[in-house]
Amino acid sequence: MNTVDKLKSCLEKIKKENKKLNIFLQIRDEKELLEEARKIDAKKNKGKLAGKIIAVKANICVKGLNISCASKTLENFKAPYDATVIRKIKNEDGLIIGIVNMDEFACGSSGETSAFGPCQNPSALGLIPGGSSSGSAASVAGGFVDLALGSDTGGSIRNPASHCNVVGVKPTYSSVSRYGLIDLSMSLDQIGPIAKNVSDAKILLNVIKGTDKCDSISQNNSTAIPHPPTQEKKNSINKKSLIIGMLDLSGLKVDNKIEKLISDKIEKSAKKYGWKTKKIKLNYIDLAIETYYPLVYVEFFSGTRKFDGRRYGKKIEQSAGPEVLRRIIGGSEITKAEYKGRYYYRALKVKKLIEMEFEKFFNGKDKVDAIVMPTVPRLPHKIGEKISVDEMYSYDALTIPANLAGNCCVSIPAGKLSFPPTRPGKGNNINSKKNIHLIPVGMQIMCDKFQDELMLDIAEKIEKV
Amino acid sequence: MDFLWHAVSDKEKEEIKRQAKQIMDSFSGKLEKVEKLIKENPLIEREKCEREEGENCSDNFSREIMFSNAPNKNDDFIIGEKKGW
């Protein structure tokens, strides 16, 4: 299908279903899009993303589009420049169709905190799509686009990918430029692709990765990700007997059914491909949430000082919702000199301990090639359902470690579980068959820093099982 | 609580402040159990504390769009209110 036909089909679907699903916050002008699509189709030498329709999370700058971060604070903000990843996508003929919903300023794990209303999960209507890249995952799951960009600070790409039954990649920290990303926590943020399958995710990651003079921490990924893989490379992966570490989940409050589903999937994959598996226990991983949030609160507070209502519309303290304020106010409190050592520095040190713990398994005598685990420890709740802050933060318990360690990690669909409502309430009749849904469950594959290629190869193989 | 967005009242802000402090105290308390280990290892000390100034990346900036985002401006300046800083 050429770009024009693909675009028309996407636009038709969006027009028909977006009102119900609330995925897109802005669609570009149709005439402009069609003109751009025709130009791509007319090219003799097309780029790697020709024919791909792409959605962008509302915190990544696309010149001239409304990058609101799903917040009233930036409700009328237009990006004055393209983020580096956007420039790279345009150079490879990817067609950006519009901007999608998210948790406000990426503060959330459910997609519910958007100031413009939560977006629906096309794979499980009525339940949260996950967050914070809720619209990115939902746009791919709903068949609105081929690919989407999200950002991942503590699981914000992988968590919604898991709930929406799609593939979400958090690349190695610093391997993809963040220039043009409105930051949540600069020492953890990473832009990455969301796609229907691993192969498509590889194509987009190949385009956006690489060093950038505008992001001072960016580094070149030392290993390229050839696509399609060469025969020589295919043979070398097939011959290699991989060692897969299965994370010991005891004490991490993971739903038993989710644990069993992932474990079965890995055993089947290992049998099919001749991989060895071994159970591994990582110290300090139970402290991931307690380490992550002090870092995020402080860095988010610091990063939001620019939203003072002078250059970008409204002052954040006067226009943001409760979760954003919780992080700003919390960050402000613990930034005070007398608290600095007790919260932020302590968290930084535990972050390093966790990073070293992963290094032990990727590079030490107990070496494994990859570590697998569920993406989310529990099944999603209903949109608007009351849960505690602790419960909300626990959604990211298994995704945060990859951010703290800086490793690459991907979430792929692992299967589905039946979902009888766990909390009786209005409309929740446990015994009613019509209330039982099949809910997607994702699994994570994590590899060492800059082993994104190996990680995606393993993911592609497991995807086929 | 539900996590759906809503405008926050001053009373709720006070509650959020109390809650945020409580969350951080609880988290920090849990990290205390590795305090001894942390103290023995200078894990996060940096050799180089300063980074070279990066290159100017404003080449594809639209001045027009940048100014259109500011609520108060004239032709050449974004205007900040007096005494509000």
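Annotation note: Cβ proximity below 8 Å between a residue of region A:303-330 that is more than 7 Å from chain B (Cβ to nearest Cβ) and of a type in the set (Phe, Trp, Tyr) and a residue that is crowded, with 20+ Cβ neighbours inside 10 Å and not in a loop (DSSP other than H, G, I, E, B) (sequence gap 6+ or interchain) occurs for A:Phe307/A:Ile316. Looking across region B:1-28, the residues that are assigned to a loop (DSSP other than H, G, I, E, B) and either under 14 Å from A:Val324 (Cβ atoms) or at the interface with chain A (Cβ under 7 Å from one of its Cβ atoms) (or both) come down to B:Met1, B:Asp2, B:Phe3, B:Leu4, B:Trp5, B:His6, B:Ala7, B:Val8.
Quick check, is A:Ile383 touching an Asp or Glu at 6+ places or on another chain (Cβ under 9 Å) and under 17 Å from B:Gln22 (Cα atoms)?
Details: touching an Asp or Glu at 6+ places or on another chain (Cβ under 9 Å): yes; under 17 Å from B:Gln22 (Cα atoms): no.
No, not satisfied.
The set of residues from region A:108-135 being away from chain B (no Cβ under 11 Å) and part of a loop (DSSP other than H, G, I, E, B) comprises A:Cys119, A:Gln120, A:Asn121, A:Pro122, A:Ser123, A:Ala124, A:Leu125, A:Gly126, A:Pro129, A:Gly130, A:Ser132, A:Ser133.
Put simply, of A:Gly117, A:Gly111, A:Gly135 the only residue that is over 14 Å from A:Glu17 (Cβ atoms), modelled with pLDDT of 95 or more and surrounded by 24 or more Cβ atoms within 10 Å (Cβ to Cβ) is A:Gly111. Considering A:Ser411, A:Ser418, the condition of being in contact with a His (Cβ under 8 Å, 6 or more places away or on another chain), outside any helix (DSSP H, G or I) and more than 11 Å from chain B (Cβ to nearest Cβ) is satisfied by A:Ser418 alone. Against the numbered list (1) modelled with pLDDT of 80 or more; (2) within 7 Å of chain A (Cβ to nearest Cβ); (3) surrounded by 13 or more Cβ atoms within 10 Å (Cβ to Cβ), B:Phe67 comes up short only at (2).
Scan region A:67-107 for residues that are of a type in the set (Ser, Thr, Tyr) and not in a loop (DSSP other than H, G, I, E, B) and the total you get is 1.
Taking the numbered list (1) among the acidic types (Asp, Glu); (2) buried (at least 18 other Cβ atoms within 10 Å of the Cβ); (3) more than 8 Å from every other protein chain (Cβ to nearest Cβ); (4) over 30 Å from B:Ala7 (Cβ atoms) in turn, A:Glu267 passes all entries but (2).
Here's a check for you: in region A:41-83, which residue that is at the interface with another protein chain (Cβ under 10 Å from one of its Cβ atoms), more than 24 Å from B:Asp59 (Cα to Cα) and buried (at least 24 other Cβ atoms within 10 Å of the Cβ) is farthest from the chain's Cα centre (by Cα)? Looking at the filtered set, the residue picked out is A:Ser71.
Which one is nearest to A:Tyr293 (Cα to Cα), of the residues in region A:331-353 that are touching a residue at least 60 places away in the same chain (Cβ under 8 Å) and either at the interface with chain B (Cβ under 7 Å from one of its Cβ atoms) or among the aromatic types (Phe, Trp, Tyr) (or both)? Break it down stepwise before answering.
Filtering region A:331-353 for residues touching a residue at least 60 places away in the same chain (Cβ under 8 Å) gives A:350-351, A:353.
Next, only the ones that are either at the interface with chain B (Cβ under 7 Å from one of its Cβ atoms) or among the aromatic types (Phe, Trp, Tyr) (or both) stay: A:350, A:353.
Details: A:Val350: 12, A:Leu353: 16 Å.
Applying the filter and picking the extreme gives A:Val350.
Of the residues making up region B:34-54, those that are in a loop (DSSP other than H, G, I, E, B), surrounded by 10 or more Cβ atoms within 10 Å (Cβ to Cβ) and either of a type outside the set (A, V, I, L, M, F, W, C) or modelled with pLDDT of 70 or more (or both) are B:Asn41, B:Gly54.
Please determine, by comparing only the residues of region B:70-80 that are surrounded by 10 or more Cβ atoms within 10 Å (Cβ to Cβ) and either within 23 Å of the chain's Cα centre (by Cα) or not charged (D, E, K, R) (or both), which one is modelled with the lowest pLDDT.
Our first condition is that a residue be surrounded by 10 or more Cβ atoms within 10 Å (Cβ to Cβ); within region B:70-80, this holds for B:70-73, B:77-80.
Remaining after also requiring either within 23 Å of the chain's Cα centre (by Cα) or not charged (D, E, K, R) (or both): B:70-72, B:77-80.
Numbers: B:Ala70: 92, B:Pro71: 90, B:Asn72: 89, B:Phe77: 90, B:Ile78: 90, B:Ile79: 88, B:Gly80: 85.
Taking the candidates together, the pick is B:Gly80.
Step by step: first the residues of region A:273-300, then only those that are assigned to a loop (DSSP other than H, G, I, E, B) and touching a residue at least 60 places away in the same chain (Cβ under 8 Å), then the one that is surrounded by the fewest Cβ atoms within 10 Å (Cβ to Cβ). Which residue is that? So, considering only residues that are assigned to a loop (DSSP other than H, G, I, E, B) and touching a residue at least 60 places away in the same chain (Cβ under 8 Å), the one surrounded by the fewest Cβ atoms within 10 Å (Cβ to Cβ) is A:Asn283.
The values are calculated or read from the model by the stated rules, or taken from the named source; none is laboratory data. Being a predicted model, the structure only gives us computed values, none of them experimental. Positions of Cβ are backbone-derived with ideal geometry, glycine not excepted, and every protein chain shown enters the neighbour counts.
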